[in-house]
Amino acid sequence: MWTKANLIGAHPALDFLNTVADTGKTRDVNLLLSPGDFLSWLEFCGLDSEILVDPIPTHEELADLVRFREIAYQALVSTLEESKQESRNLPRYECYLKSALQRATFCVREQHFTWRASNEPGHHILDSIVLQFYDLLQSTDVARIRQCERCSWLFINSGRGRGRRWCNMATCGNRHKVEAHRERKTKPPKPAPPA
């Protein structure tokens, strides 16, 4: 089910936000339909040993993970778009973050200070994902987060200048090229200038 194309975010938090499939900005197709889907995603990303201290998440826990994913996505996108109107999802994201931090412990990991999710059953998986997102927002990479011009996927732009425009050139980039070509072919020719 998962391929390298699912890991274009360059950060686990962005890859989690990208666990939807669509060809536009709708986010209609959820790829985390069952706890098994989430577990296979964790394993594919290499996060299973870090996040799976709980037993398999329940359907209710998975629903909460998906709810958080959409709240975090909306909060981040409103920030990227520099919307003058604050996202209504920002306070909702804040609630998830405050709850996770209240249960977390402060530690040193890979030579920097960070928060480790609580091992409390029923909280560890969601808190781990929330804290991954928090870690991203505290990093210097946050200034380089971009959204694909065609779909809703997010990634860290490592190019110079404007850099990357698409999540994947083979999918969204090619779709854009095909549509632009069709549009050019269907446009009526410009009238000749008067003589």
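See the values below:
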{"quantity": "Residue list for the stretch 55-68, restricted to those being exposed (fewer than 15 other Cβ atoms within 10 Å of the Cβ) and of a type outside the set (A, V, I, L, M)", "calculated": "P55, T58, H59, E60, R67"}
{"quantity": "Test: I8 is at pLDDT below 80 and surrounded by 16 or more Cβ atoms within 10 Å (Cβ to Cβ)", "calculated": "no"}
{"quantity": "Among the residues listed as E50, E43, the single one being touching a residue at least 40 places away in the same chain (Cβ under 8 Å), surrounded by fewer than 19 Cβ atoms within 10 Å (Cβ to Cβ) and not polar (S, T, N, Q)", "calculated": "E50"}
{"quantity": "Failed condition for I71, given (1) surrounded by 18 or more Cβ atoms within 10 Å (Cβ to Cβ); (2) at pLDDT below 90; (3) part of a helix (DSSP H, G or I)", "calculated": "(2)"}
{"quantity": "Verdict on P91 being assigned to a loop (DSSP other than H, G, I, E, B) and over 14 Å from the mean Cα position of the chain (by Cα)", "calculated": "no"}
{"quantity": "Given (1) touching a Ser or Thr at 6+ places or on another chain (Cβ under 9 Å); (2) modelled with pLDDT under 90, index of the condition L17 fails", "calculated": "(2)"}
{"quantity": "Hits in the stretch 20-31 - residues which are of a type in the set (A, V, I, L, M, F, W, C) and touching a Ser or Thr at 6+ places or on another chain (Cβ under 7 Å)", "calculated": "V20, L31"}
{"quantity": "Single residue of L32, L52 found to be in contact with a helix residue (DSSP H, G or I) (Cβ under 7 Å, 6 or more places away or on another chain) and at pLDDT 90 or above", "calculated": "L32"}
{"quantity": "Filter result (surrounded by 19 or more Cβ atoms within 10 Å (Cβ to Cβ) and outside any strand (DSSP E or B)) within the stretch 104-117", "calculated": "A104, A117"}
{"quantity": "Top-ranked residue in the stretch 1-52 [being over 18 Å from V66 (Cα atoms) and of a type in the set (V, I, T); ranked as nearest to the chain's Cα centre (by Cα)]", "calculated": "I8"}
{"quantity": "Answer from S139, S152, S128, S83 - the residue that is surrounded by fewer than 17 Cβ atoms within 10 Å (Cβ to Cβ) and either among the hydrophobic types (A, V, I, L, M, F, W, C) or at pLDDT 80 or above (or both)", "calculated": "S139"}
{"quantity": "Pair list, Cβ < 6 Å and 6+ apart or interchain, from the stretch 87-116 residues that are over 25 Å from V66 (Cβ atoms) to residues that are among the charged types (D, E, K, R)", "calculated": "T105/R116; C107/R116"}
{"quantity": "Out of E43, E70, E61, E81, sole residue that is more than 30 Å from R164 (Cα to Cα) and of a type in the set (D, E)", "calculated": "E61"}
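The values are calculated or read from the model by the stated rules, or taken from the named source; none is laboratory data. Because the structure is predicted, anything quoted here is derived from the model rather than measured. Methodologically, a virtual Cβ is constructed for each residue, glycine included, from the backbone with ideal geometry; neighbour enumeration extends over all protein chains shown.
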